[in-house]
Amino acid sequence: MGDTSLRLVWVYPDLLSTYGDQGNALVVERRAQQRGLEVQRIDIRSDQPVPTSGDIYLIGGGEDRPQRLAAERLRRDGGLNRAVDNGAIVFSVCAGYQIIGHEFINDLGKREPGLGLLDVTSGRGEAERCVGDVLADIDDRLGLPQLTGFENHQGVTHVGPNARPFARVRLGKGNGTGDGTEGAWQDTVFGTYMHGPVLARNPLIADLLIKLALDVNALPPVDDRWYEALRGERIAAAVQPA
Ligand code: GLN
């Protein structure tokens with residue numbers, strides 16, 4: 001890509017956008033613009049082809065039926081897989097996270113194939129849903145501060161050998177497998193169960209995505225006071241629920 005523009009693709013807002021996950025697109029867009037980048041944001045509805053030339057693809061969470069429809073359409077379309085083959089970055093949340101793995105259990109109780117972009121496999125937790133605030137330590141290799149988010153899912157996700165857990169939970173369930181892992185990542189593909197929207201609570205993750213897209217190690221600093229205030233508030237509320 002050129003060094004002054006960023007193509008940001010928000011995948012299937014009509015099917016996958018629970019709990020304000022669209023905020024993730026707003027945060028990436030804003031933080032890129034604050035660095036002087038020209039951002040082309042492309043919202044792709046589920047009846048449109050997924051462009052293959054994006055730099056960053058964001059996918060949100062969704063209820064079980066829209067999740068199945070989204071998986072069917074993304075498989076048929078093939079654009080997201082081609083984009084990743086071209087080196088694109090993917091950041092996916094909850095249902096989106098399950099969809100980009102090998103498989104998940106759909107709303108009909110059947111195994112539904114995913115896109116195989118991330119070495120994870122999701123099943124259905126037998127116990128109650130994983131709901132609540134989460135605090136977690138992000139994989140050291142990513143150099144990011146504590147993860148804060150909100151989870152609400154029935155699915156449980158096992159991380160395979162080609163991916164690494166995105167974080168380890170201090171509070172909450174994360175992948176729900178009981179091993180303390182939360183989310184997964186592999187090269188330029190990331191998945192997390194965190195809503196919030198997660199990039200509003202953790203703007204340095206948005207910066208990481210931008211750095212990967214630009215292939216740079218650092219970005220000019222921006223005023224993070226509002227983000228810090230929000231982070232502090234959510235972390236305090238998680239530690240000491242009202
Ligand atoms: N339907 C999925 C589950 O319950 C994902 C839910 C979500 O995206 N919030 O596991």
* Structure fact -> Here the residues within the range 1-41 that are among the acidic types (Asp, Glu) and under 22 Å from residue 80 (Cα atoms) are 14, 21, 29
* Under 6 Å between Cβ atoms, at least 6 apart or on separate chains: pull out the pairs that start in the range 76-99 with a residue that is of a type outside the set (D, E, K, R) and end on any residue that is assigned to a helix (DSSP H, G or I) and more than 16 Å from the ligand (Cβ to nearest atom). => 89/209; 89/212; 89/213; 91/209
* Structure fact -> The one condition residue 131 fails out of (1) within 16 Å of the ligand (Cβ to nearest atom); (2) surrounded by fewer than 20 Cβ atoms within 10 Å (Cβ to Cβ); (3) of a type in the set (Val, Ile, Thr); (4) over 26 Å from residue 239 (Cβ atoms) is (4)
* Has the range 138-145 got any residue that is surrounded by 17 or more Cβ atoms within 10 Å (Cβ to Cβ), modelled with pLDDT of 95 or more, in contact with a Leu (Cβ under 9 Å, 6 or more places away or on another chain) and assigned to a strand (DSSP E or B)? -> yes
* Being within 19 Å of residue 89 (Cβ to Cβ), in a strand (DSSP E or B) and not hydroxyl-bearing (Ser, Thr, Tyr) is the filter here, so list the residues in the range 183-214 that pass it. => 183, 184, 185, 186, 189, 190, 191
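Is there a residue in the range 1-12 that is under 18 Å from residue 199 (Cβ atoms) and surrounded by fewer than 22 Cβ atoms within 10 Å (Cβ to Cβ)?
Step one: filter the range 1-12 for residues under 18 Å from residue 199 (Cβ atoms), giving 6-12.
In the following step, the residues that additionally are surrounded by fewer than 22 Cβ atoms within 10 Å (Cβ to Cβ) were identified as 7.
Yes, the conditions are met somewhere in the range 1-12.
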* What single numbered condition from (1) within 15 Å of residue 138 (Cα to Cα); (2) out of contact with any strand residue (DSSP E or B) (no Cβ under 9 Å at 6 or more places or on another chain) fails to hold for residue 193? -> (2)
* To do: Given the conditions (1) within 22 Å of residue 186 (Cα to Cα); (2) more than 13 Å from the ligand (Cβ to nearest atom); (3) not β-branched (Val, Ile, Thr), report the number of the one that residue 46 does not fulfil.
  => (1)
* Applying the selection to the range 93-128, what residues are over 12 Å from residue 158 (Cβ atoms), within 15 Å of the chain's Cα centre (by Cα) and near the ligand (Cβ under 10 Å from one of its atoms)? -> 93, 94, 95, 96, 97, 99
* Structure fact -> Checked pairs for the range 18-30, first closer than 15 Å to residue 93 by Cα, second assigned to a loop (DSSP other than H, G, I, E, B) and within 15 Å of the ligand (Cβ to nearest atom), C-beta under 6 Å and 6 or more apart or across chains, list as 18/61; 18/62; 20/197; 21/60; 21/61; 21/197; 23/197; 24/197
* To do: Determine if the range 164-177 includes at least one residue that is part of a strand (DSSP E or B) and either touching a Pro at 6+ places or on another chain (Cβ under 9 Å) or of a type in the set (Val, Ile, Thr) (or both).
  => yes
* Being free of Cβ contacts under 8 Å to residues at least 24 places away in the same chain and among the hydrophobic types (A, V, I, L, M, F, W, C), is that true of even one residue in the range 139-154? -> no
* Residues being more than 20 Å from the chain's Cα centre (by Cα) and hydrophobic (A, V, I, L, M, F, W, C): count how many of those fall in the range 204-242. => 11
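The values are calculated or read from the model by the stated rules, or taken from the named source; none is laboratory data. This structure is a prediction, so every number in the text was calculated from the model and none was measured. Don't worry about glycine lacking a Cβ; one is built from the backbone with ideal geometry, like all the others, and counts go over all protein chains shown.
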